[in-house]
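Read-outs throughout are calculated quantities, based only on the coordinates presented, and are distinct from any laboratory measurement. Please read these numbers as outputs of a predicted model, since none were measured by experiment. Positions of Cβ are backbone-derived with ideal geometry, glycine not excepted, and every protein chain shown enters the neighbour counts.
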Amino acid sequence: MSIEVIKSVRTMQHRSSVLRQAGNSIALVPTMGFLHEGHLSLVDIAREKADIVVMSIFVNPTQFGEGEDFEDYPRDFERDLSLARERGVDAIFWPDADEMYPENYSTYVEVEELDKHLCGASRPTHFRGVTTIVSKLFNITRPDIAVFGQKDAQQGFIIKRMVRDLNLPVEIILGPIVREDDGLALSSRNTYLSDSEREQALALYRGLQAAKKMVESEEVDSNIIIEKIRSFFEAEPDVQKDYIEVVDLERLAPIERIDQPALIAVAAYVGTTRLIDNIIPKLSDCCG
């Protein structure tokens, strides 16, 4: 099938307006490229929900902090284009950085409070970059629906809050985490891992699975659950904890007991590669 590649903001806005005027609904799948099955599963959701699927591919500089991997982040547009075409994407918005952030750019969007914990604690400017670029993408592609992955759960909840607070006419859908056969959450950064690090990275998944079993066995003390996950990290020499947290889904703030809808989230450096993962226990599991 054919796929349209658009690099200009104005061209993308015009194309979206034409599509909407013709009665089409639009679903956006925002990505930074180097696609894997996790991204493509979001395309499948978008395909079911809308007439037209637009994927954005943009490695957004404003969500990378000093010393992070912006320059080294994996990029392969021709591969991405092939995978997107095979999966049924109708158009790819692929702008240059200068197109998204022209000279003297000075406007940002920030959701307060929800970025104080989890990834926001160690990456204090990250979510300002995320919400800024996502709001720009919404204004450019004009979607009815946008599909994000649960692996970046904090990002998803922050974007939902932004959409609510700013009255943006976009439905936000979070697709489930897609994993390798052994449980490792798919991530473009997995390519950084050596064979040894790849095996040790399973500590994140194994720790979360142990936590899930504890919750299902009616353990609701967050500190006990956190210590169990920590034991999996400490058993691996190349795994260094960034955070292990149990937070509520409304404020994304730590809770002492899982007696409300909660997110159990982890981040760790495996070697020099930072990985994240999470689970959301069902309320019936934790609260009877």
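Please work out, to two decimal places, the log10 of the ratio I(q)/I(0) at q = 0.08, 0.14, 0.16 Å⁻¹ from a Debye calculation in which every Cα of the chain carries one identical scatterer.
Result of the Debye calculation: -0.35, -1.07, -1.35.
Would you please give the FRET efficiency between Lys213 and His14, computed as 1/(1 + (r/R0)^6) with r the Cβ-Cβ distance and R0 = 45 Å, to the nearest 0.05? Could you put the intermediate results ahead of the total?
Details: r = 52 Å, r/R0 = 1.16.
Efficiency at R0 = 45 Å is approximately 0.30.
Expressed in nm to one decimal, what extension gain is obtained for the pair Ala97 and Ser194 from 0.36 nm per residue of sequence separation less their Cα-Cα distance?
Values: separation 97, 0.36 × 97 = 34.92 nm, distance 3.05 nm.
Gain on extension, Ala97 to Ser194, equals 31.9 nm.
Which of Leu208, Val59, Ile92 sits farthest toward the positive end of the charge dipole of the chain, with +1 on the Cβ of Lys and Arg and -1 on the Cβ of Asp and Glu?
Toward the positive end, the furthest listed residue is Ile92.
For the range 181-222, list residues with backbone N below 13 Å from a point placed 7 Å from the Cα of Glu256 toward its Cβ?
221-222
List the residues of the range 1-35 whose backbone N lies under 13 Å from a point placed 7 Å from the Cα of Arg85 along the Cα-to-Cβ direction.
Under 13 Å, as judged by backbone N against the label point of Arg85, lie 1-5 of the range 1-35.
Which pairs break 26 Å Cα to Cα here: Lys116/Lys213; Lys7/Lys136; Lys160/Lys213; Lys49/Lys213; Lys49/Lys151; Lys49/Lys212?
Details: Lys116/Lys213 28 Å; Lys7/Lys136 14 Å; Lys160/Lys213 29 Å; Lys49/Lys213 33 Å; Lys49/Lys151 21 Å; Lys49/Lys212 30 Å.
In this structure, Lys116/Lys213; Lys160/Lys213; Lys49/Lys213; Lys49/Lys212 exceed 26 Å between Cα atoms.
Does the range 142-273 come out rounded, prolate or oblate by the C-alpha gyration tensor, with a ≥ b ≥ c the root eigenvalues, rounded set by a/c under 1.5 and, if not, prolate when a/b is larger than b/c and oblate if not? Kindly include the intermediate steps, with their values, before the conclusion.
Working: a/c = 2.28, a/b = 1.32, b/c = 1.73.
It comes out oblate by the Cα gyration axes.
What is the dipole size for the chain, taken about its Cα centre, with +1 at each Lys and Arg Cβ and -1 at each Asp and Glu Cβ, in debye to the nearest 20? Provide the component values of the computation, followed by the final result.
Details: 32 positive and 49 negative charges, 181 e Å.
For this selection, approximately 860 debye.
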